[in-house]
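Working notes, beginning with the structure itself.
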Amino acid sequence: MASAVKIVIEAKDKTKKGLMAPIKSLKDLNKAVDDLKPAFKALALAGTAAFAAIAKSSVDAVMDMIRVKNAMFVATGSAAGVAKGMSMVREMSDRLGVSLLDTAKGYSKIAAAAKGTALEGQASVDILEGISQAASALSLTGDETAGVLKALEQMISKGKVTSDELSEQLGDRLPGALRIAGRAMGMTTMKLRK
């Protein structure tokens, strides 16, 4: 009988140890999960912040495009003009690998400056095309290209181009601008500077 009691006691001890092992494992698992909670919270916050940043960028891009279309409407005077202008700048930016938004901004400003001048219409498109091609070939950044377009916009708005503006404003932003302008006007750069 003593050996039967001993067997029962040993079986009870082994059963207790066997039952306690999963409970200890569960406690360890709970502790591990508790230890990971701050990391999960940080990850959730980072995900939320990333989503908010993406949403803000999307809203900003839409607002930029609305501003560009409004400026194009002022420059062209019609919704059809806006549609034609957007189609043209989309095709141009795709073909040249330049930013659609920057190209659309540039076109809307040059078209507005050229309104009522000899540069209105196709001439404005040709100017934008030439600048965009040069910007692409020279690997100008969006800001550098915007600077070139801004200089041209200012010259067109004034209705008069001086050699100083060509060499300083435009030449500083677009290498060879004075030479290109001189060739387009059938003049040497030396004659153009006078």
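The values are calculated or read from the model by the stated rules, or taken from the named source; none is laboratory data. Note that the coordinates shown come from a computational prediction; the quantities given were computed from them, not determined experimentally. No Cβ is skipped: glycine too gets one built from the backbone with ideal geometry, and neighbour counts run over all protein chains shown. For accessibility, only protein heavy atoms count, side chains too; no ligands or nucleic acids. Shrake-Rupley method; radii C 1.70, N 1.55, O 1.52, S 1.80 Å.
Flag set for GLY97, criterion: of a type outside the set (Val, Ile, Thr) and either modelled with pLDDT of 90 or more or farther than 21 Å from GLN154 by Cα (or both). Within segment 78-126, being touching a Phe, Trp or Tyr at 6+ places or on another chain (Cβ under 8 Å), surrounded by 16 or more Cβ atoms within 10 Å (Cβ to Cβ) and among the aliphatic types (A, V, I, L, M) holds for VAL82, MET88, VAL89, VAL125. When residues in segment 56-77 are screened for being over 24 Å from the mean Cα position of the chain (by Cα) and either open to solvent by 70 Å² or more (accessible area, probe 1.4 Å) or modelled with pLDDT of 90 or more (or both), 1 of them pass. The residue pairs whose first member lies in segment 163-184 and is at pLDDT 75 or above, whose second member is of a type outside the set (Phe, Trp, Tyr) and not in a helix (DSSP H, G or I), and whose beta carbons are closer than 7 Å, counting only pairs six or more residues apart or on different chains, are PRO175/LEU138. Take the conditions (1) crowded, with 17+ Cβ neighbours inside 10 Å; (2) in a helix (DSSP H, G or I); LYS191 misses just one of them, which is (1).
Which residues, taken from segment 103-129, are within 22 Å of PRO175 (Cα to Cα) and free of Cβ contacts under 8 Å to residues at least 40 places away in the same chain? Those that are within 22 Å of PRO175 (Cα to Cα) and free of Cβ contacts under 8 Å to residues at least 40 places away in the same chain: THR103, TYR107, ALA123, SER124, VAL125, ASP126, ILE127, LEU128, GLU129. Please determine, by comparing only the residues of segment 127-141 that are in a helix (DSSP H, G or I) and open to solvent by 60 Å² or more (accessible area, probe 1.4 Å), which one is nearest to MET65 (Cα to Cα). By that ranking, first place goes to GLN133. Residues in segment 164-177 that are part of a helix (DSSP H, G or I) and under 16 Å from LEU138 (Cα atoms): LEU170, GLY171, ASP172, ARG173, ALA177. VAL161 satisfies every condition listed in (1) among the aliphatic types (A, V, I, L, M); (2) assigned to a helix (DSSP H, G or I); (3) open to solvent by 70 Å² or more (accessible area, probe 1.4 Å) except (2). Is segment 108-121 home to any residue that is modelled with pLDDT of 85 or more, of a type in the set (D, E, K, R) and assigned to a helix (DSSP H, G or I)? Yes, there is a match, as at least one residue in segment 108-121 is modelled with pLDDT of 85 or more, of a type in the set (D, E, K, R) and assigned to a helix (DSSP H, G or I).
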